[in-house]
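Enquirer: Below: one structure in structure tokens.
The values are calculated or read from the model by the stated rules, or taken from the named source; none is laboratory data. Fair warning: this is a prediction, and the values are worked out from it, not measured in the lab. Quick reminder, even Gly has a Cβ in these numbers, built from the backbone with ideal geometry, and neighbours come from all protein chains shown. Keep in mind that these areas ignore ligands, DNA and RNA; they rest on the heavy atoms of the full protein, side chains included. Shrake-Rupley method; radii C 1.70, N 1.55, O 1.52, S 1.80 Å.
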Amino acid sequence: ENSADLERQAMRACSEGKHGRAAALYGQAGRRGDHLYFRYRQAGEWMHLEQYADAEAAYRAILEREPDTPNAQMNLALAVLKQGRREEALELYRAMAERPGAEAYPELAARARLAVELIGRQLALDRE
């Protein structure tokens with residue numbers, strides 16, 4: 001099977017809620033094709049499975065190779081937040097909101113700014 005066939009199977013598995021199977025299929029596809037793309041898709045499946053540490057590692061690996069990948073930056077921040085590391089997530093979201101060229105991704109930048117505001121409020125409440 002080639003990577004396109006594996007991707008179709010993974011997308012079908014995802015739509016059926018079989019995220020573990022989808023993650024495995026994306027992993028196989030990544031060994032045959034565009035590694036970073038399929039790694040990104042696999043990390044998304046891990047997010048569905050609440051395997052946030054695995055997703056975090058994948059997003060970090062993607063960003064090491066392709067640092068200007070805003071969706072991976074946002075998803076990394078979410079994976080970190082889901083692991084309870086609010087201050088680190090706050091900094092990741094802030095970096096996304098304030099990054100040069102953020103205006104090229106207005107929706108992502110707006111979501112990052114909102115996350116900064118909400119996480120900042122929560123951290124302030126935690127300190128009270």
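Enquirer: Can you tally the net charge around Asp126? Count Lys and Arg as +1, Asp and Glu as -1, for every other residue whose Cβ sits under 14 Å from the Cβ of Asp126. Spell out each step's value before the answer.
Expert: On the way: positive: Arg85, Arg86, Arg121, Arg127; negative: Glu87, Glu128.
Here the charged neighbours net out to +2.
Enquirer: Could you give the accessible area per residue of the chain, probe 1.4 Å, as a whole number in Å²?
Expert: Details: 7480 Å² over 128 residues.
For the chain, the per-residue accessible area is 58 Å².
Enquirer: Over the chain, with every protein chain in place, what whole percent of the accessible area is carbon and sulfur at 1.4 Å, could you tell me? Before the final figure, lay out each step's value.
Expert: Working: 3620 of 7480 Å².
Here carbon and sulfur together make up 48 percent of the probe-accessible area.
Enquirer: For Val116, Val80, write out the residues from largest to smallest accessible area, computed with a 1.4 angstrom probe and no ligands counted.
Expert: On the way: Val116 30, Val80 0 Å².
Largest accessible area first, the residues go Val116, Val80.
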